[in-house]
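The values are calculated or read from the model by the stated rules, or taken from the named source; none is laboratory data. What you see is a predicted model, and the numbers here were worked out from it, not measured in a lab. Heads up, the Cβs are rebuilt from the backbone with ideal geometry, glycines too, and the neighbour counts pull from every protein chain shown.
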Amino acid sequence: MEAYLSTHQIATRLGVHEETIRRWLRAGELRGVSLGRAGYRVSETDLHAFLAHRLGDAPAAPAPPTLTEAALQALLAKTRHDAETERTQLRAALQREQDARAVAEAATQQTKAMFEAITDGIFIIDTQGGIPLINHAARRLLLVPDEAPAEYPAIPPFELFDTAGEPIPRERWPQVQLFAGATMQPGDALDMLLRTRDGQVRQINITGAPLPDSAGNITDVVVVCRDVTERRQLEQRTRASLAALLTMAEEMTCLPGTTEADRAEGELAQHLIELMRQVLGCQRASLTVIDPTTGALRSAAVAGITPQEEREWRDRRPGAVLSEYLRHPLLAEKLLADGAAVLDLTQPSWNAAPAPYGIHTLLLVSLQIAERHVGILALDYGGTSHDFTSDEITLAKAVGKLAALVLERERLLRDRAVAMAKEEALRTANQRMDEFLSIASHELRTPMTTIKISLQLLSRRAERLASIVATAAPDQAVSMADIRHLIERAEGQADRQTRLMSDLLDATRIQSGKMAYRFAPCDLLTLLHEAITEAGNLDPRRRLTFTGESIPCMITADADRVSQVIMNYLTNALKYSDLHDPVVVCLERVGTMARVSVADRGRGLTHEDQAHIWERFYRVAEGQEEGTTIDGLGLGLFICRTIIAAHGGEVGVTSATGHGATFWFTLPLASASVSSSAAS
């Protein structure tokens, strides 16, 4: 049987809550139920089938028209279960709401704690001038008691002044401007002076913004006040310190030079310590210098004491008090590691040492240059206890570094003056030595010329006498041969002395800038062949070979001087190589330069010899045999380098110990027109 029923009637028939019926209808669980104008169209059979389905019993046959007792009990249990489920869900929702309220309360408390912890004073000011909210920093700024509530009734009495000290009218106070719609961002912050009711004056930096309601009307303003008194004082002190530091920097550029070498060292140290005391703002400052040689302490300067105390300070043993402190091993280690140390002279570790002037706390700063201690700076504030902050210690160390640079530069200037004086004395001595060598060379050339002429005449007479003796007394021929040998040796020594005197004379001309050259077109190939022939005549047993260019090689040079260089190269090669080793001379063109090299197979040169071989008076210690010394003054290669440089060329050597040496030089080639005319 079908009928039109409401949700209430269906709930009554099934014995469940009406809301449960609505939920089943929304979920479409009541099959066969359709909505009509008079209600839900449903049959008793459909209701019994749905109830059986909910109970887990799906009968094969249609449900009986009436509910049994068991079905009613099951339906009741199901209904109770659904009701319990709904209560559980309601309790969970209630718990979630309570948890959310607790989180919100914790966030509120955290916000309040953060509000109170902000170091800037924050004021929430209403249109009546009251303060609905104020934090701890604002209370301290306006001297509001800590026990006062956050909502304070009114602003305590205070006055505002500009930074010049002029009173600010109330119509220009920050909150008035903010209620008028102005904003004060950090870039527009105002600096003012605030005087509280007890007469304290603090310098504050103010920012703020209006707080409009939902309608856009300004109901409150927030004013943020930052106490910048200490910061501004520090900035002022920093500016003063910077000015003193700049003065110290100027001292570095105004130190005594060679024209003021007699300026007293103590004058600079005294001026320096007065500047450091001004920079650091302490009561007393002293500077003790460490001797770089002995390490002894020397009291250099002091500032901040009376004239009588200064006389006593200078009369006592230098570094007497400071040396007592430095005996403590921990202090020495700390100065080496940190560069500074703070001593409380009232503590047992230090009160046994002498403490002049009643010093309570002492700051010691090590003055260092490249890890070398050059002095110690001592600072104190007298008998009052002073806690040196990290900023003060850092500033003191920075000033100490600058002072160390000033003192080191002063020392270097003194050393430079001494070095310049020694250099000038050495230059004068070298000049006098060159003058003496020039005079001696000139004076010795005349008698040496006489000796050579006499030896030549004696050699000729000895030859005539030898021919007579060979005819008249053949048994005396051996004696005459010995005489001729002695004369030849004497001539060789005379030639050697002549060459040495020529080298000395050339060296003195080079040093005095009086070396003269006669430049003219000449053939380098011809000069090489002439020099090889001359060197071969000196010792016919030696083998000299030539390789390279076979056509004229024209240069513009002083032919005699270039020949002198070639002969020097050849004689050195013959001198430093074995009798049976060949000497190879090579001429080649390298671009616009002519390159001449002389190679031997002698002992070679060490790296040290190659680095100094071109210096004046440098001599290679050993000759071709171990333990022998080669004759000479060490001037030949020095003169060669000077001559080639004057011709626009270069000299050089390539060698390895035990593998001989190759000396070379280059000279600019003459122009093509000169070369062609010379060849024709």
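Can you list residue pairs whose Cβ atoms sit under 6 Å apart, with the first residue in the range 502-524 being within 16 Å of Leu637 (Cβ to Cβ) and the second being of a type outside the set (Phe, Trp, Tyr) and modelled with pLDDT of 90 or more? Count only pairs 6 or more apart in sequence or on different chains. That search, which allows pairs on different chains as well, returns Ile510/Thr642.
Scanning the range 377-421 for residues that are under 24 Å from the mean Cα position of the chain (by Cα), touching a residue at least 60 places away in the same chain (Cβ under 8 Å) and closer than 30 Å to Gly358 by Cα yields a total of 8.
Residue by residue through the range 211-230, note down the ones that are within 17 Å of Gln200 (Cβ to Cβ) and surrounded by 13 or more Cβ atoms within 10 Å (Cβ to Cβ).
Cys225, Arg226, Asp227, Val228, Thr229
Would you confirm whether or not the range 136-154 contains a residue that is charged (D, E, K, R), in contact with a Leu (Cβ under 7 Å, 6 or more places away or on another chain), at pLDDT below 90 and not assigned by TED's automatic domain parsing to the domain that holds Ile273? Taking every residue of the range 136-154 in turn, at least one turns out to be charged (D, E, K, R), in contact with a Leu (Cβ under 7 Å, 6 or more places away or on another chain), at pLDDT below 90 and not assigned by TED's automatic domain parsing to the domain that holds Ile273.
Summed over the range 294-327, the residues that are modelled with pLDDT under 75 and either closer than 16 Å to Val342 by Cα or under 33 Å from the mean Cα position of the chain (by Cα) (or both) give a count of 8.
Select, from Leu160, Leu72, Leu76, the only residue that is over 24 Å from Ile218 (Cβ atoms) and either outside any helix (DSSP H, G or I) or modelled with pLDDT under 75 (or both). Walk me through it before giving the result.
On the way: Leu160 fails: over 24 Å from Ile218 (Cβ atoms); Leu76 fails: either outside any helix (DSSP H, G or I) or modelled with pLDDT under 75 (or both).
Unique residue meeting the criteria: Leu72.
On the phi > 0 side of the Ramachandran plot and either touching a helix residue (DSSP H, G or I) at 6+ places or on another chain (Cβ under 9 Å) or modelled with pLDDT of 90 or more (or both) - does that describe any residue in the range 594-616? No, every residue in the range 594-616 fails to be on the phi > 0 side of the Ramachandran plot and either touching a helix residue (DSSP H, G or I) at 6+ places or on another chain (Cβ under 9 Å) or modelled with pLDDT of 90 or more (or both).
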